[in-house]
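Step one of this worksheet: look at the structure below.
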Amino acid sequence: MTGSLVLIWPVVTAAFLASLVEAVEALTIVLAVATVRGWRPAGLGAFAGLGALAFIVGALGPLLDRVPLHLLQLVIGCYCCCSACAGCEKRSFARQA
């Protein structure tokens, strides 16, 4: 039991910190909207986003068990590689100009 806890804590900590970063980013967006449009539209948008997220997770979350893990890893890996290549291409054109 203790060995498994030692192995799982780094994963839990990394997931928590990643979620914390996303929460701070979302709060920054809400504050920016509140500055420009006011607190009411910012609050309504934040609650609408939370509701949509809860609905999507509740509806599609159980379906993730049916997707083969290796296929999901392949698709995400290809997407990351294509995104990285597109970014490198843009930077190389910017240097030439």
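Looking at this structure, is Pro10 exposed (fewer than 11 other Cβ atoms within 10 Å of the Cβ), of a type outside the set (D, E, K, R) and part of a helix (DSSP H, G or I)?
yes
Quick one: count up the residues across segment 32-47 that are farther than 17 Å from Glu22 by Cβ and small (Gly, Ala, Ser).
4
Give me a count of the residues in segment 53-73 that are among the β-branched types (Val, Ile, Thr) and closer than 20 Å to Ser19 by Cβ.
Final tally of qualifying residues: 2.
Coordinate-derived values only; no laboratory data. Keep in mind that this is a model prediction, so the values were computed, not measured. Because the Cβ atoms are built from the backbone with ideal geometry, glycine has one as well, and the counts that use them run over all protein chains shown.
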